[in-house]
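Enquirer: One structure is given below, represented as structure tokens, and several questions about it will come after.
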Amino acid sequence: MKKMNHLVFLSAAGVLAFTACKGPEQKGAPVMPPTAVNITEATVAPAVYYDKYPATVVALNQVELRSQVAGFITGIFFQEGEVVQKGKTLYEIDRRKYEAAYQQAQASVSSAQANYNKAKKDDDRYKRLVEQDAVARQIVDNAEAALETSRSSLAAAQASLLAARTDLDYSLIKAPFTGRIGISQVKLGAQITPGSTLLNTISSENPIAVDFVIPENEIGRYAEMQGKSKAGDTTFRLSLSDGTAYNQTGHLFAIDRGVDNQTATIKVRIQFNNPDNRLKAGMSCVLNVLNQASGDRLIIPYKAITEQMGEFFVFVAKDSIAEQRKVHLGPKMRDQIVIMDGIQQGEKVITEGFQRLRDGGKIQIGIPAPPEAAAKK
């Protein structure tokens, strides 16, 4: 009897030991819940965007005023900074000696003319007499020589008169075209050295131009524009240095004659109307040129883009799975971005919540509102 009880006790202990060794069932790895995301549909829409170039405002006509005669400034006939009309007298250089030289040249011409007239009459007279054998041939030859000498003297006197007239005219500095004149570099009484003393600068203002440079591989693109660009179209727009947009559109005026060998660029000039004189020569600005790729393009929100090692990606929702796609970007337009390739129209692009996603991760459409926002709602 005692032996049986002992056996029963051992069996119960064995059962307990077996049960303790087995323990609870082993659980698998925890299952991650789907990531809540928001999506938007990739759509095709008109995309108008511009290439930007640093540019400089330049006058279409600009001249440095310098004198061609020496002397002292005896008159200044303009207000600095005003618009002067073509032909207006701007500076006067002491004219007295030039007037005297001109009058002397006139007298020389009168004297030479009288000598020529006398020689002409003598020549005519002797030619008639020689026909009647009334005068020696030598006298006729001398008369012809005197006529030629007087003719040359008259021509020389007339040339001297023209030179004196030119110097007298140069003593008055006049506006070569209608434009705005700058601040005078000389004052009354200043001595002028011909060709070297800068008096002032005058430049045209309306129309005006903007210069910028392009790489040589874009020459063909701008050459095509040269025949098609017209005033009033929207191909060329201007942004001023303060960020404001200029209210006039431009057209292609000229492409420079050759490429700069050092920079492999070429200069292009765009003409703008400047009725309010808002553009000033020398101003810095940004020229916006309509991109050739403008048109109907695939557009998504820029916030959907992620960058990895210099490459760009988006997540596309495929039912409840997020699929990562590599994309090539076009220009950015405010909060939108043009997608050149990588996704198709109508695909659902994840715009929020993708920061915790991996390729193939599970998603749930719709990010719940924060507790505070939900309570307010």
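Enquirer: Going by the conditions given, is S160 among the small types (G, A, S), open to solvent by 30 Å² or more (accessible area, probe 1.4 Å) and touching a Cys at 6+ places or on another chain (Cβ under 7 Å)?
Expert: Working: among the small types (G, A, S): yes; open to solvent by 30 Å² or more (accessible area, probe 1.4 Å): yes; touching a Cys at 6+ places or on another chain (Cβ under 7 Å): no.
Judged against the criteria, S160 is not a match.
Enquirer: Can you name the residue in the stretch 103-142 that is under 30 Å from A163 (Cβ atoms) and of a type in the set (A, V, I, L, M) and is also farthest from the chain's Cα centre (by Cα) among such residues?
Expert: Out of the qualifying residues, it is A119.
Enquirer: Right, here's the next one. Within the stretch 115-138, track down each residue that is aliphatic (A, V, I, L, M) and loosely packed, with under 13 Cβ neighbours inside 10 Å. Show your work before the answer.
Expert: Within the stretch 115-138, the subset aliphatic (A, V, I, L, M) is 119, 129-130, 134-136.
If the condition is that a residue be aliphatic (A, V, I, L, M) and loosely packed, with under 13 Cβ neighbours inside 10 Å, then A134, A136 are the ones that fit.
Enquirer: Pairs only if they're at least six apart or on different chains, beta carbon under 9 angstrom, first in the stretch 122-134 and closer than 17 Å to E148 by Cβ and acidic (D, E), second surrounded by 12 or more Cβ atoms within 10 Å (Cβ to Cβ) and at pLDDT below 75; list them, first residue then second.
Expert: Partner pairs satisfying both residue conditions: D123/V140.
Enquirer: Is it the case, given these coordinates, that E64 is in contact with a strand residue (DSSP E or B) (Cβ under 6 Å, 6 or more places away or on another chain), open to solvent by 50 Å² or more (accessible area, probe 1.4 Å), modelled with pLDDT of 85 or more and among the charged types (D, E, K, R)?
Expert: Yes: the conditions hold for E64.
Enquirer: If I filter the stretch 330-352 for residues that are open to solvent by 20 Å² or more (accessible area, probe 1.4 Å), farther than 30 Å from G220 by Cβ, of a type in the set (A, V, I, L, M, F, W, C) and more than 32 Å from the chain's Cα centre (by Cα), do I get at least one hit?
Expert: No; the residues of the stretch 330-352 include none that is open to solvent by 20 Å² or more (accessible area, probe 1.4 Å), farther than 30 Å from G220 by Cβ, of a type in the set (A, V, I, L, M, F, W, C) and more than 32 Å from the chain's Cα centre (by Cα).
Enquirer: Please indicate, with yes or no, whether at least one residue in the stretch 199-214 is of a type in the set (S, T, Y), in a strand (DSSP E or B) and over 13 Å from the mean Cα position of the chain (by Cα). Talk me through it step by step, then tell me what you get.
Expert: Looking only at the stretch 199-214, we keep the residues that are of a type in the set (S, T, Y), and these are 201, 203-204.
Right, trim to in a strand (DSSP E or B) and you get 201, 203.
From what is left, the residues that are over 13 Å from the mean Cα position of the chain (by Cα) are 201, 203.
Scanning the stretch 199-214, I find at least one residue that is of a type in the set (S, T, Y), in a strand (DSSP E or B) and over 13 Å from the mean Cα position of the chain (by Cα), so the answer is yes.
Enquirer: OK, next. If you go through the stretch 280-301, how many residues are open to solvent by 40 Å² or more (accessible area, probe 1.4 Å), part of a loop (DSSP other than H, G, I, E, B) and on the phi < 0 side of the Ramachandran plot?
Expert: First pass over the stretch 280-301, keeping only residues open to solvent by 40 Å² or more (accessible area, probe 1.4 Å): 280-284, 286, 290, 292, 296-297.
Subset that is part of a loop (DSSP other than H, G, I, E, B): 280-283, 292.
Filter once more, so that each one left must be on the phi < 0 side of the Ramachandran plot: 280-281, 283, 292.
Number satisfying all stated conditions: 4.
Enquirer: Looking at the stretch 261-279, which of its residues are open to solvent by less than 70 Å² (accessible area, probe 1.4 Å) and either without any contact (Cβ under 8 Å) to a residue 12 or more places away in the chain or among the hydrophobic types (A, V, I, L, M, F, W, C) (or both)?
Expert: We begin by selecting, within the stretch 261-279, every residue open to solvent by less than 70 Å² (accessible area, probe 1.4 Å); these are 264-266, 268-272, 274, 277, 279.
Of everything in the stretch 261-279, those that are open to solvent by less than 70 Å² (accessible area, probe 1.4 Å) and either without any contact (Cβ under 8 Å) to a residue 12 or more places away in the chain or among the hydrophobic types (A, V, I, L, M, F, W, C) (or both) turn out to be A264, I266, V268, I270, F272, L279.
Enquirer: With the requirement that a residue be over 30 Å from D167 (Cα atoms) and touching a helix residue (DSSP H, G or I) at 6+ places or on another chain (Cβ under 7 Å), what does the stretch 143-156 give you? Talk me through it step by step, then tell me what you get.
Expert: The first filter runs over the stretch 143-156 and keeps only residues over 30 Å from D167 (Cα atoms), leaving 143-147.
Of everything in the stretch 143-156, those that are over 30 Å from D167 (Cα atoms) and touching a helix residue (DSSP H, G or I) at 6+ places or on another chain (Cβ under 7 Å) turn out to be A143, E144, A146, L147.
The values are calculated or read from the model by the stated rules, or taken from the named source; none is laboratory data. Note that the structure is predicted; figures quoted are calculated from it, not measured. Every residue, glycine as well, gets a Cβ built from its backbone with ideal geometry; the counts of neighbours run over all protein chains shown. For the accessible areas, the whole protein counts, side chains as well, though only heavy atoms, and no ligand, DNA or RNA atoms are used. Shrake-Rupley method; radii C 1.70, N 1.55, O 1.52, S 1.80 Å.
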